[in-house]
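What follows is a set of notes on a single structure, which appears directly below.
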Amino acid sequence: MPLHSTEIRDVDRYELATILAALRLLQATPALPAEVENIATECGDFERLDEEQIDDLCERINTASEYPWRDATEDAALDARVASLFEEAAR
């Protein structure tokens, strides 16, 4: 059972890349600063994720959507460009 809601809306590719990089850094770092360790363990309520658990989580994040690296800003720019091409063609 999750401790918190896990639904995060509107994570763009840059934020997602940062989350994945942070998970990989956590995976590669045996000793963390106390404040980071507290975040990773809910102040000692549970153990940090192990290497395999982080691999699994990264895989779930990467496959969470059909287009995990799709950037909404790029989509909006592309939609605007397509619309302008249709307007030009209609003239």
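Between Thr29 and Glu47, residue separation times 0.36 nm minus the direct Cα-Cα distance comes to 5.0 nm. Compared with the alpha-carbon gap, the fully stretched path from Arg9 to Ala83 is longer by 24.0 nm at 0.36 nm per residue.
Under the simplified labelling scheme, the Val36-Asn62 pair shows an inter-label distance of 2.2 nm, with each label point 7 Å from Cα along Cα→Cβ.
Since every read-out is calculated from the coordinates, none of them should be taken as a lab result. Given the structure is predicted, the values throughout are model-derived calculations rather than measurements. Positions of Cβ are generated from backbone atoms using ideal geometry, with glycine treated the same way; all protein chains shown enter the neighbour counts.
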